[in-house]
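Participant: Pasting in a structure now, in structure tokens, and then I'll have a few things to ask.
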Amino acid sequence: MSLFFTGLKHSGKTTAAKRVAAKLGRKWIDSDDLMLSVLDGMSVRDFYRNHGKEAFMELEAEEVKKYLDENCNVVMSLGGGAADNTALMDNLKSNGKIVYLSRPEELLLKKIIEKSGIPPFLDKEDIEGSWHILFTRRDKIYREYADTVIELGEYKDKDETVKKILEELDLEVI
């Protein structure tokens, strides 16, 4: 059974997924890496900007599906916008367990701004308001798809976070 780590930007998906994969002795991959492998040197952000959201979501769903058709029992981290890609989320749901890493709304916004500044998907005139709308919508979608919701608070010891995830998933480490 594959595990798919979802959540909003800077929720800890990649870090947790890599560490869980290592503990379980499984292969880890990030969906952005699958995209990069077919973009001929173009960044994911540039592809999105040049071709639009629909083209990006179609390609993302297609590349993840191809990968899962050839690989099983993997641990995959996904981009924060995966919630908006119904075809992708439906495919994940039928190919393994979806793990939603949830953190408080205000904590995530603080981390996003601290790490990378105000992202282009937020309204510079109403950062908190636009974040609230995005957070609320995506949180609802992720919760609907999730097999397991891991409620995380402050960013703490990564090993403790992984331990909590493995306990909640009831998985044995190798």
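Participant: Return the loop-located GluC sites (Glu not before Pro) in region 95-174 (DSSP other than H, G, I, E, B) with at most 14 other Cβ atoms within 10 Å of their own Cβ; answer none if there are none.
Facilitator: 125, 154, 172
Participant: Note down the nm distance, to one decimal, between modelled labels 7 Å out along Cα→Cβ at residue 113 and at residue 132.
Facilitator: Going by the 7 Å Cα→Cβ label model, 1.4 nm.
Participant: Kyte-Doolittle cut-off 1.0, length cut-off 15 Å along the helix's own axis using Cα: show which whole DSSP H helices in the chain pass.
Facilitator: none
Participant: Okay, moving on. Using the Cα gyration tensor of the chain, with a ≥ b ≥ c the square roots of its eigenvalues, what is the shape: rounded (a/c below 1.5), prolate (a/b larger than b/c) or oblate (neither)?
Facilitator: oblate
Participant: Sticking with this one: Can you give the FRET efficiency to the nearest 0.05 for residue 155 and residue 22, using r as the Cβ-Cβ distance and R₀ = 25 Å?
Facilitator: Step by step, r from the Cβ atoms, then E = 0.80.
Participant: How would region 71-174 be classified by its alpha-carbon gyration tensor: rounded, prolate or oblate, with rounded meaning a/c under 1.5 and the a/b versus b/c comparison settling the rest?
Facilitator: Note, shape of region 71-174 comes out oblate.
Participant: Something else now. Select from region 99-174 those chymotrypsin sites (Phe, Trp or Tyr not before Pro) which occupy a DSSP coil region and have at most 14 other Cβ atoms within 10 Å, ordered by residue number.
Facilitator: Those that pass, being in a loop and sparsely packed, are 121, 155.
Participant: Run the quick spin-label model on residue 97 and residue 71: label points 7 Å from Cα toward the beta carbon, then report their separation in nm to one decimal.
Facilitator: Result for the modelled spin labels: 1.9 nm.
Participant: Give the cross-link partners of residue 110 among the lysines, using a straight C-alpha distance below 23 Å as the criterion and excluding same-chain residues fewer than 8 apart.
Facilitator: The reachable lysines, counting only those whose Cα sits under 23 Å from residue 110, are 9, 13, 124, 140, 156, 158.
Participant: Would you please name the trypsin sites (Lys or Arg not before Pro) within region 133-174 that are DSSP coil residues with at most 12 other C-beta atoms within 10 Å of their C-beta?
Facilitator: Counting only loop positions with at most 12 other Cβ atoms within 10 Å, the trypsin sites (Lys or Arg not before Pro) in region 133-174 are 156.
Only the coordinates and a few stated rules stand behind these numbers; no lab work does. Here the structure is a predicted model, which means the values were calculated and not measured. Counting neighbours? That spans all protein chains shown, and the Cβs are built from the backbone with ideal geometry, glycine included.
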